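Since every read-out is calculated from the coordinates, none of them should be taken as a lab result. The model shown is predicted, which means the values in this text are computed figures rather than measured ones. Ideal geometry is used to build each Cβ from the backbone, glycine not excepted, and the neighbour counts take in all protein chains shown.
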């Protein structure tokens, strides 16, 4: 089989020894903006390394636009990816501040050592007549 085997839930699958996830020498306070898959994975890795991690998201739901990928029939199991990342983060002590948009004041108050911006993608809706009709679903 050519190429690399990959896993949506565990990006390190078959590459467990390529990256050192040992404890960091200095613990940092890390602010992650965005609770989409990228933000949750960054939070998990930072927490595994011993950092204090807080994830902020303006939405009250985890997953960002990735949630829409689970809507089509047969794709519902994709929602388990977000659930798995969230649970892993919770076990590692990650703090979540959902429904809170990050502003300059938020950053000044939190005083993070590091900020990770993981605000995800913006859906692109093509200019097609009728695209906003009730019987049209985008994914």
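Peptides 83-91, 23-31 ordered by packing proxy, namely the average of other Cβ atoms within 10 Å per residue, highest first: 83-91, 23-31. Taken along the Cα-to-beta-carbon direction at a fixed 7 Å, the label points for residue 121 and residue 22 span 3.7 nm.
When the Cα gyration tensor is reduced to axis lengths a ≥ b ≥ c, the ratio a/c is 1.5 or higher for segment 29-117, and with a/b not above b/c it is classed as oblate. Once both labels are positioned 7 Å from their Cα atoms along Cα-to-Cβ, the gap between residue 137 and residue 65 label points is 1.8 nm.
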